1. With a sphere of radius 14 Å drawn around the Cβ of Gly31, what net charge do the other residues whose Cβ falls strictly inside it have (Lys, Arg +1; Asp, Glu -1)?
2. Just to be sure I understand: with springs between alpha-carbon atoms less than 10 Å apart, which residue in Ala51, Ala78, Ala67 has the highest mean-square fluctuation in the Gaussian network model of the chain?
3. Keeping all protein chains in place, calculate the accessible area per residue for the chain (probe 1.4 angstrom), answer in Å².
4. Exactly which chymotrypsin sites (Phe, Trp or Tyr not before Pro) in the stretch 1-48 are in a DSSP loop and have at most 14 other Cβ atoms within 10 Å?
5. Quick one: angle between helix 62-90 and the longest Cα principal axis of the chain, in degrees between 0 and 90, rounded to 10, please.
6. Quote the accessible area belonging to Asp52 in square angstrom, nearest 10, computed with a 1.4 Å probe and with ligands, DNA and RNA left uncounted.
7. In the chain, if the dipole is taken from +1 on Lys/Arg beta carbons and -1 on Asp/Glu beta carbons about the Cα centre, which of Ala5, Val58, Val73 is farthest to the positive end?
8. Rg(Cα) of the chain divided by 2.2 N^0.38 Å?
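The values are calculated or read from the model by the stated rules, or taken from the named source; none is laboratory data. Computed from a predicted structure; not experimentally measured. FYI the Cβ positions are ideal-geometry reconstructions off the backbone, even for glycines, and counts take in every protein chain you see. Please note that ligands, DNA and RNA were not included when accessible areas were found on the heavy atoms of the full protein model with its side chains. Shrake-Rupley method; radii C 1.70, N 1.55, O 1.52, S 1.80 Å.
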Amino acid sequence: MENTARWTIKVSKDTDISLRTYLAQQGMKKGDLSKFIERAVQKEILAQTAADVKQRNVDLSEEELEALINEAVSAVRAEMRSEAKVKTKVR
């Protein structure tokens, strides 16, 4: 990890033992605890974000949702093509 922040966290003794046992069973080392926690936090943020988006769009019809998705995908593709053209011209 390049840019890191130091956290001080508290968990129950049972959680600590369970996690360290799991990591040991997976052949992971002491430093892998930080990687495990970071992945777990990223997964939880993604899950919460997805749940928020689903809740925000609960009133949309399937067609409206599909149209929004298509619009977003088209915008991202156009942006990527634009960036690719700029990179090609720079070379």
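1. Counting the neighbours of Gly31, the net charge comes to +4.
2. Of Ala51, Ala78, Ala67, the most mobile in the Gaussian network model is Ala78.
3. On a per-residue basis, the chain sits at 96 Å².
4. Values: sites: Trp7, Tyr22, Phe36; in loops: Trp7.
Sites meeting the loop and neighbour criteria: Trp7.
5. 90 degrees
6. That residue has around 90 Å² of solvent-accessible surface.
7. The residue sitting farthest along the positive end of the dipole is Ala5.
8. On the way: Rg = 21.1 Å, N = 91, 2.2 N^0.38 = 12.2 Å.
Dividing the Cα radius of gyration by 2.2 N^0.38 Å gives 1.73.
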